[in-house]
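**Q** The structure follows.
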Amino acid sequence: DGQGAVAGVYDFLFYCIRAGRLHDIRILNFLTGGVAQNPWQMLDIEFTSNRFNPFSVLNKEESRGLVMAFGRSTEGGSNEFFRGRASTMLAGVFSPLCYLRDMLGEPLDSSVIQRFIELRNMFKLAMDKSLPLDVVRPLREYLKTLNGVRDSDFQKASVTDIEINSKAEEQHTYNRSMLSKTIAEMTDTLGHIFCSKGSDINLRHAVQHGQIIIVLLPTIEREPDAMAELGRMVVGSLRPALSPMLGFSLQGSKAQTVLSLPSNRIIPLRMYFDEILNYYVKGISNFLSLLRSSKVAMTLLGQSLKGIEDAGISEGRQSMANLNNILAFSTQDVFETMEWITKKLGKTVATRISQMHSTLWGGWLNDDSAQIVEEELVTARDMASADAMEGLYFYRGDAIPFKSATVFQNIKRD
């Protein structure tokens, strides 16, 4: 829910209770109301959200991809260069951290990541003699890209024996700056959700076993960039959760490799993204195009098509090309949204009288000449003046006007 309104959750819970699904619900509530949250309290009546620590279950590559989902991805430019450097840094850090989590039971959450993307702590990990060489090699390779760092530095007795020059510090600061803002937000303000040994919310379980996950984004509480990165983080965490839908094993019978996939479920997996244009991230077009055959139904709701193109022109056009059913309600966007509607509808041909002539008695009569002109089927004024629940339904080449009634009465319910 991009609006982050609690009132809408109670309406939704009302129908979940009627369907007997209350125990399948998990709520990821980023709303705090400006009140400091206690990350150490147990799940009780005062706890505002289920815990969500995706780093407790993801492997090193999935963890790197999740963190790299933070921030808007641009097409080219210097920003893209530093994103590549930050990705290399994370690949090196997550290799030993995931090993310590899996083999030694060390906790891994956003606070641990925040601590170990500091340069001297990274050297401390890279110099740890108890870790296998193949585990620390990616981290050492990243550190060697910094100015003045050599292989001999990793053989020294202590981190304090390493001389880190200012140029290396500056290079690492640029790489770290791509991630530090959101990781700090996850650790400090939202530490009661992300800083935990385990996780109440496991998106893989939700996909495979039909749980219901509700996410409330703090649209008003946070500045737009901070709120958008939280939304993109949730969308990014769907990638490892949805990967089993397509399968990976080629060995075994068809019943083992194909028929047992989650995509063979009877009821499709449904995902709704409200106000998605606030947190649209590069890669959603892949979900739209590749997962439709795996019984995954995605519903995107937004105010203007401009937000899709903010993730990149190529991403926006691919996403629009893979939308199956489109409901266009009342809109006052006379630019991208209205331009798309007019192109989708096409134009109609009308015949108009081109001339008139005056009569002897001061009146006017139609002349014998006429001209053929093209006119818009629906104008921007028509779309702006549409009533609630009135609009146009597009499916392939068809455009159908509709006006629906309210399905449920607006009755008081508790």
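The values are calculated or read from the model by the stated rules, or taken from the named source; none is laboratory data. Since the structure is predicted, the reported quantities are computational estimates derived from the model, not experimental observations. Reconstructed Cβ throughout: ideal geometry from the backbone, glycine too, with neighbour counts over all protein chains shown.
**Q** If I ask for residues that are surrounded by 17 or more Cβ atoms within 10 Å (Cβ to Cβ) and in a helix (DSSP H, G or I), which ones from the range 130-158 would you list?
**A** VAL135, VAL136, PRO138, LEU139, ARG140, TYR142, LEU143, ASP153, PHE154
**Q** Taking the stated definitions as given, is TYR99 within 30 Å of the chain's Cα centre (by Cα), of a type in the set (Ser, Thr, Tyr), part of a helix (DSSP H, G or I) and within 15 Å of PHE55 (Cα to Cα)?
**A** So TYR99 passes the test.
**Q** Quick check: is even one residue across the range 313-335 surrounded by fewer than 12 Cβ atoms within 10 Å (Cβ to Cβ), under 28 Å from GLY4 (Cα atoms) and of a type in the set (Phe, Trp, Tyr)?
**A** Yes, because at least one residue in the range 313-335 is surrounded by fewer than 12 Cβ atoms within 10 Å (Cβ to Cβ), under 28 Å from GLY4 (Cα atoms) and of a type in the set (Phe, Trp, Tyr).
**Q** Something else now. Within the range 268-279, is even one residue touching a residue at least 40 places away in the same chain (Cβ under 8 Å), part of a loop (DSSP other than H, G, I, E, B) and more than 29 Å from ALA184 (Cβ to Cβ)?
**A** no
**Q** Please pick out the residue among ILE183, ILE164 that is modelled with pLDDT of 80 or more, in a helix (DSSP H, G or I) and either among the hydrophobic types (A, V, I, L, M, F, W, C) or in contact with a Ser or Thr (Cβ under 7 Å, 6 or more places away or on another chain) (or both).
**A** ILE183
**Q** Follow-up. Does ALA311 qualify as being under 12 Å from the mean Cα position of the chain (by Cα) and not in a helix (DSSP H, G or I)?
**A** Answer is yes for this residue.
**Q** Of ARG83, ARG115, which residue is in a helix (DSSP H, G or I), in contact (Cβ under 8 Å) with a residue 40 or more places away in the chain, of a type in the set (D, E, K, R) and on the phi < 0 side of the Ramachandran plot?
**A** ARG83
**Q** If a residue has to be surrounded by 13 or more Cβ atoms within 10 Å (Cβ to Cβ) and closer than 28 Å to GLY397 by Cβ to count, how many in the range 338-379 make the cut?
**A** Total satisfying the criteria: 11.
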